[in-house]
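Trainee: Next up is a structure, given as structure tokens.
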Amino acid sequence: MKKFGTFGGVFTPTLLTILGVIMYLRLGWVVGNAGLLGAWAIILLSYSITLATALSMSSITTNIRIGAGGAYAIISQALGLEVGGSLGIPRYVSQGLAVTMYIFGFREGWLSLFPMHHPFAIDIIVFIILYGIAYKSADLAIKTQFIIMGIICLSLVAIALSAFTGSMYIPTEEAVRWGTFEGVSGGASEKFWLVFAVFFPASTGIMAGANMSGELEDPRKSIPAGTLWAIGVSLVIYMVLAYWISRTASQDELLNNYNVMIDKSFFPPIVIAGVLGATFSSALASIIGSSRILYAMGQHRVLPKGEWLEFQDKAGQPRNSMIVTGILIFVTMLLRDLNAVAPLVTMFFLITYAMLNVVVIVEQQLGLVSFRPVFVIPKYVPWIGLIGSLAAMFIINPIVSLISWALMFFVYSILSRRELEIKFEDVRSGLFTSFAEWAAKRTAESAHQEERSWKPNLLVPITAAATVQGAFSIIKDITYPKGSAVLMGVGNEGSEKERKKLDYISNSFKQAGVFSSTIVMKTAKFAQGVNFGNQALSGAFFRPNIVFLNMVEKEAAVNDYNEIIEEAKNLELGIILYMPHPRAMLGQQQRINVWIKSRSPEWDIHDGKYNPNLALLLAYKLKLNWKAEIRLITVIDDKEDYIRARYFLQTLTDLARLPIDERIVLVGNFKEKLQDAPMADINIFSLFIDGDLEKYKQMSLDMSTTCLFTKNSGYENVFA
């Protein structure tokens, strides 16, 4: 299947959808009512909502591996299939209605040139051409849109030429700066918002490129870049056109002649062609986008016959979803008048905007480790998008807004009863876990361990409180701010005294922003106490997921570590073996080395136990709390593996979305190369050498740094 880049797959369809009929036939009316300054205010206000939403969408798309379906896929992966489907189904239908309205708009433009042609015949011919292009392939549709973009560019050139040939005859001081809103009825305070309601749909359409998410080469890069560039370019065009028309036509012409922009251009026929091209391209983008939404819902079995809807031909085109979409559009064409349901189309665009902003707000508030967008935005941006979208809905049509939300909740109530099987991780478990701090029962019913909601919850077994005091800093920096630390005292003497000491240290963790609790196990054998504790805690509401073993413990305790490690594996717990250097300690906390085990000869990245998930996640946590640099290091035996090893480290960095500062490939014997590595304040190893624990001490001494040796539990996933 052919994949598309940023320009063809995102920028072009998004820009063409924004530069639509409203630009050609209603912008003059907006300026005539609101004046130049009022029109600029309306344009900027509309674009502020669109831009905030686009920034939110850019942020979330750089944090997930988005599949087909655009906004539907984003919302489903974040908030679950029930929420995604409750929005996706009405939005799919509304996009089908939008195609029909664009066809009707094309017909009206065509009849202005050829009034003798039969209206229904025009609709049928345009539908057949549109559907034929879209059904043939997305590639042909993109190529067609390139032609339409050329026509629209020529129409803008015709307008620009008129400016240089005397069309702007009205002096700047005489141009209407703030209009009287004579073309609308209502109270003085209502008129501005009525004009805003007419213009606002022009700024929608930023989903056109995102709908192609399943057919983009790199949606993580293309969707943000293409969408934001389309918004920026279209904003400049609208602002300039508003200025041009304010100095080109009188207020009476602007209010009473919807074709004033065509009439005042240097070459009106090419502008008429632009109007036709704008409606045609919008219809084409909507056909392609709606069929991809249906295809994605089929993939996730949101709709009946999902296996049939997700069928793709050899070229990767969703043929069956295209057939259903074509039938939907044809049936709506038979209605002949869609004015009654037209506002629903805009409303579901705005509901989509609102939900995209909600996704980012939820992710930002939860603060999970899995939320590591490459495109980072301030926390106030999604709030602007959410509030603006909701406000715009009720400004445009409050009754239809309520109907739209009611329809969405109705669909959600149906889908929630179907117990849809989620094929990907979402943030709901993390959300419920946060709620569980005050509603433990609700979380117990809904939350389960998921990779996206992972956070380090340490079990720290000790024989004496002094041991954990020495490791206080590293434990805090690994767990802060969302993790936790359970301090387990193990021994058969002085248990009450040790408990008080542990309680004191636990309170210190709490004061440092880390949730902590204590437990004391009375037993003569260290391993037995730790293993019994792990077994008991495995059924706890918030159970530890990592055993933190400190190599400066008493010799008898360290000798039991292998037994503890084996039981931790059985209980699917991660392992951290902490080997502090006696002199270097944690150094300046500025540099972190992460050692990645060689993958020679395949150098494949697998989402499995061989990935350095825990090591990389711990490095990321330390980087955030230390504000340190991270290096990835791997050692190879054969020089011929060098390029593949470098590529492997780069790919690992990209897929994990980690802020890696340097990637190093060393050639030679692993033990010898340990001493050749760049200086660091801590070295983290993703490999785990079972058996002789003295090797860990020796490695730390040889490298003259503190070391962490890690082993995955199987529940960590750095790619989540």
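Trainee: Among the residues of the stretch 4-21, what is the count of those that are in contact with a Gly (Cβ under 6 Å, 6 or more places away or on another chain) and farther than 17 Å from Phe200 by Cβ? Give the steps one after another, and end with the answer.
Mentor: Filtering the stretch 4-21 down to residues in contact with a Gly (Cβ under 6 Å, 6 or more places away or on another chain) leaves 6, 10-11, 13-14, 17-18, 21.
From the residues that got through so far, the ones that are farther than 17 Å from Phe200 by Cβ too are 6, 10-11, 13.
Number satisfying all stated conditions: 4.
Trainee: Looking at (1) in contact with a helix residue (DSSP H, G or I) (Cβ under 8 Å, 6 or more places away or on another chain); (2) surrounded by fewer than 23 Cβ atoms within 10 Å (Cβ to Cβ), find the lone condition where Thr634 falls short.
Mentor: (2)
Trainee: Checking Ser453 against (1) in a helix (DSSP H, G or I); (2) among the polar types (S, T, N, Q); (3) in contact with a Ser or Thr (Cβ under 9 Å, 6 or more places away or on another chain), which test does it fail?
Mentor: (1)
Trainee: Just one of (1) surrounded by 14 or more Cβ atoms within 10 Å (Cβ to Cβ); (2) more than 34 Å from the chain's Cα centre (by Cα) trips up Tyr169, so point out which.
Mentor: (1)
Trainee: Can you tell which of Ser155, Ser162, Ser137 is of a type outside the set (A, V, I, L, M, F, W, C), out of contact with any helix residue (DSSP H, G or I) (no Cβ under 6 Å at 6 or more places or on another chain) and in the same structural domain as Val271 (by TED's automatic domain parsing)? First the steps, then the outcome.
Mentor: Numbers: Ser155 fails: out of contact with any helix residue (DSSP H, G or I) (no Cβ under 6 Å at 6 or more places or on another chain); Ser137 fails: in the same structural domain as Val271 (by TED's automatic domain parsing).
Answer to the check: Ser162.
Trainee: Report yes if some residue within the stretch 256-267 is surrounded by fewer than 21 Cβ atoms within 10 Å (Cβ to Cβ) and more than 17 Å from Ile22 (Cα to Cα); otherwise report no.
Mentor: yes
Trainee: If Val31 satisfies every condition in (1) surrounded by fewer than 24 Cβ atoms within 10 Å (Cβ to Cβ); (2) part of a helix (DSSP H, G or I) but one, which is the exception?
Mentor: Going through the list (1) surrounded by fewer than 24 Cβ atoms within 10 Å (Cβ to Cβ); (2) part of a helix (DSSP H, G or I), Val31 breaks only (1).
Trainee: Scan the stretch 98-117 and report the pairs whose first residue is among the polar types (S, T, N, Q) and whose second residue is surrounded by fewer than 22 Cβ atoms within 10 Å (Cβ to Cβ), with Cβ atoms within less than 8 Å and a gap of 6+ or a chain change.
Mentor: Correct list of pairs: Thr100/Thr332; Thr100/Met333; Thr100/Leu335; Thr100/Leu338; Ser112/Asn259; Ser112/Ile272.
Trainee: Being part of a helix (DSSP H, G or I), surrounded by fewer than 24 Cβ atoms within 10 Å (Cβ to Cβ) and not aliphatic (A, V, I, L, M) is the filter here, so list the residues in the stretch 69-90 that pass it.
Mentor: Hits for the stretch 69-90 are Glu82, Pro90.
Trainee: Filter the stretch 274-316 for residues that are in contact (Cβ under 8 Å) with a residue 40 or more places away in the chain, more than 27 Å from Ile124 (Cα to Cα) and in a helix (DSSP H, G or I) and give the result.
Mentor: If the condition is that a residue be in contact (Cβ under 8 Å) with a residue 40 or more places away in the chain, more than 27 Å from Ile124 (Cα to Cα) and in a helix (DSSP H, G or I), then Ala296, Met297, Gln299 are the ones that fit.
Trainee: Under 9 Å between Cβ atoms, which residue pairs at least 6 apart in sequence (or on different chains) link something in the stretch 230-251 that is in the same structural domain as Gly32 (by TED's automatic domain parsing) with a partner that is among the basic types (Lys, Arg)?
Mentor: Listed pairs, sorted by first residue: Trp244/Lys264; Ile245/Lys264; Ser246/Arg177; Thr248/Lys264; Ala249/Lys264.
Trainee: Now for a different question. Does the stretch 131-139 contain any residue that is touching a Ser or Thr at 6+ places or on another chain (Cβ under 7 Å), of a type outside the set (Gly, Ala, Ser) and part of a helix (DSSP H, G or I)?
Mentor: Within the stretch 131-139, one or more residues are touching a Ser or Thr at 6+ places or on another chain (Cβ under 7 Å), of a type outside the set (Gly, Ala, Ser) and part of a helix (DSSP H, G or I).
Trainee: Also, quick follow-up: Might you let me know whether the stretch 307-321 holds any residue that is within 24 Å of the chain's Cα centre (by Cα) and closer than 24 Å to Tyr412 by Cα?
Mentor: For the stretch 307-321, residues within 24 Å of the chain's Cα centre (by Cα) and closer than 24 Å to Tyr412 by Cα: present.
Trainee: Is it fair to say Gly483 is touching an Asp or Glu at 6+ places or on another chain (Cβ under 8 Å) and crowded, with 17+ Cβ neighbours inside 10 Å?
Mentor: no
Trainee: Go through (1) surrounded by 17 or more Cβ atoms within 10 Å (Cβ to Cβ); (2) more than 37 Å from the chain's Cα centre (by Cα); (3) closer than 19 Å to Pro580 by Cα one by one and return the number of the condition Gly470 breaks.
Mentor: (1)
Trainee: Select from the stretch 496-524 the residues that are part of a helix (DSSP H, G or I), in contact (Cβ under 8 Å) with a residue 24 or more places away in the chain and touching a Gly at 6+ places or on another chain (Cβ under 7 Å) and write down the one among them that is surrounded by the most Cβ atoms within 10 Å (Cβ to Cβ).
Mentor: Leu502
Trainee: Turning to a different aspect of this structure: Say whether the condition of being free of Cβ contacts under 8 Å to residues at least 12 places away in the same chain, under 26 Å from Tyr696 (Cβ atoms) and exposed (fewer than 12 other Cβ atoms within 10 Å of the Cβ) is met by at least one residue in the stretch 528-540.
Mentor: No - not one qualifying residue is present in the stretch 528-540.
Trainee: Of the residues Val558, Val547, Val552, which single one is in a loop (DSSP other than H, G, I, E, B), out of contact with any Lys or Arg (no Cβ under 9 Å at 6 or more places or on another chain) and not small (Gly, Ala, Ser)?
Mentor: Val552
The values are calculated or read from the model by the stated rules, or taken from the named source; none is laboratory data. None of the values given here were measured: they were computed from a predicted structure. So basically every Cβ, Gly included, is an ideal-geometry build from the backbone, and we count neighbours across all protein chains shown.
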